[in-house]
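See structure below.
Since every read-out is calculated from the coordinates, none of them should be taken as a lab result. Model, not experiment: these values are computed from the prediction. FYI the Cβ positions are ideal-geometry reconstructions off the backbone, even for glycines, and counts take in every protein chain you see.
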Amino acid sequence: MKAMLSIDHPAWAHQFRNIVKMLNERGDDVLTLCVDKDGDKELLEKFGIPYVLSARSTGKNVFEKGLLFIGLCIEHTYRALKYQPDILIGRASPMMAVASFISRKPHIIYEDTEVSKFSLRICKKLTTKIITPRTFLTDLGKCQERLDTYKELFYLHPSVFTPDKQKLRDVGFNPDEDYILVRFVAWNASHDIGRKGLDDAGKIALVKKLEKYGRVYVSAEGNVPEELKPYLLKTPYELVHHVLAFAKLVYSEGATMASEAVVLGTHALYVNTIVSGSTREQAERFQLLYNFNEGEDRYQKADAKAIELLETPNLVELGREKQKKLLEEKVDINHYYLSEMDRLVKTGRKG
């Protein structure tokens, strides 16, 4: 089998690294295309995945993103026609959907971001199959299959990932002390247009408030205030999930890192006006996530909840118990995704 994969975000590199590994182990070939964003190139290199660089940016505004979309549709289609893959795989990339349609090859994706409306509008018309979490809030029509899983289980299910304190110690990180990880996003993704998070003063105040309960590490897209630079997480990109696994608490503006913490058994707060079915379920069904999606005071409410959690006895042990319930109820997605790839290669674009 020959597969073509697109990586447009670090989370996508994590999500599909094991699919690439499984394909390579059985002798299949994968062409990986990469759009440079927030260290995804470095991750692919660390994972030993060769790639072709398709673009050096995802665009900073609507105009740039529009030009990039047109350019990448042409580039991805050219690659597909030249490489002649049996199947195209990945997330909801409209450029890959267009390439799939023109090259007449099946396209299977896994998507959990309901607000990626432009991408999903194209994919639901051109993509052969879209797998989503069971809780996905949007109906994508006949090409959609709802599965009781999360995208984070592609790379954090116990079958493929084991948290390791020694790997952190080897790079000078102390996993045995109480620490809190704070994640700030850049608010420049297509689904972030019109949204904003904390200003610099708010970020500094949050970190100062939380450090009364343990060491605070900051993970951030883009620049942070000078005062917060000493707090920046300096572990290599590929070790961030080990950091999440041993944290006392995660406070995140991004849904991906909050959900990653959840499947690792770490309590997390998600502060963002974007709502998803997965984050809603993680809060209501497993009580590992706390959503703050509404109101101008959402950050103040999140701060209060963070302090309440940090003052809870045995918080880490409680998280591990909740994680057991989550893993018992969820599908190990890698093997399912691979079996669906094999089926679509046999049946073609009609699925």
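The range 225-269 and the range 115-162 have Cα centres lying 23 Å from one another. Around the amide H of Ile87, modelled in the peptide plane, lie the amide H atoms of Lys2, Met4, all under 5 Å away and 5 or more residues distant in sequence or on another chain. Close amide H partners of Val216, meaning residues 5 or more places away or on another chain with modelled amide H under 5 Å apart, are Ile180.
Which lysines does Lys203 reach when only Cα atoms under 16 Å apart count, and residues fewer than 8 places away in its own chain are ignored? Once the sequence-local lysines are set aside, what remains near Lys203 is Lys212, Lys229, Lys301.
Each residue in Glu321, Glu253 was given a count of other beta-carbon atoms within 10 angstrom of its own, and listing them fewest first yields Glu321, Glu253. Distance between the modelled labels on Val316 and Asp178, one decimal in nanometres: 1.1 nm (7 Å Cα→Cβ projection). In the chain, once you exclude exposed trypsin sites (Lys or Arg not before Pro) (DSSP loop, at most 13 other Cβ within 10 angstrom), what's the longest stretch remaining? Answer from the scan: 235-349. Counting only residues 5 or more places away or on other chains, whose amide H sits under 5 Å from the amide H of Ile7 once H atoms are built in the peptide plane? Answer set, sorted by chain and number: Leu33, Cys34, Val35.
What lysines could a cross-link reach from Lys65, if we take a straight Cα to Cα line under 18 Å and drop same-chain neighbours fewer than 8 places away? Of all the lysines, those that pass the test against Lys65 - Cα under 18 Å, at least 8 places apart if same chain - are Lys37, Lys117.
Taken as Cα centroids, the range 164-187 and the range 13-67 sit 24 Å apart, rounded to the nearest whole angstrom. Calculation over all alpha carbon pairs of the range 165-329 in 10 angstrom steps from 0 returns a P(r) of 10, 42, 38, 10, 0 percent. Calculated translational diffusion coefficient of the chain (37 °C, 0.692 mPa s; Stokes-Einstein with Kirkwood radius over alpha-carbon pairs) equals 158 µm²/s. Cross-link partners for Lys350 among the lysines, with Cα-Cα distance under 23 Å and sequence neighbours closer than 8 places in the same chain left out: Lys2, Lys82, Lys105, Lys124, Lys125, Lys129, Lys142.
Between Ser57 and Met22, residue separation times 0.36 nm minus the direct Cα-Cα distance comes to 9.7 nm.
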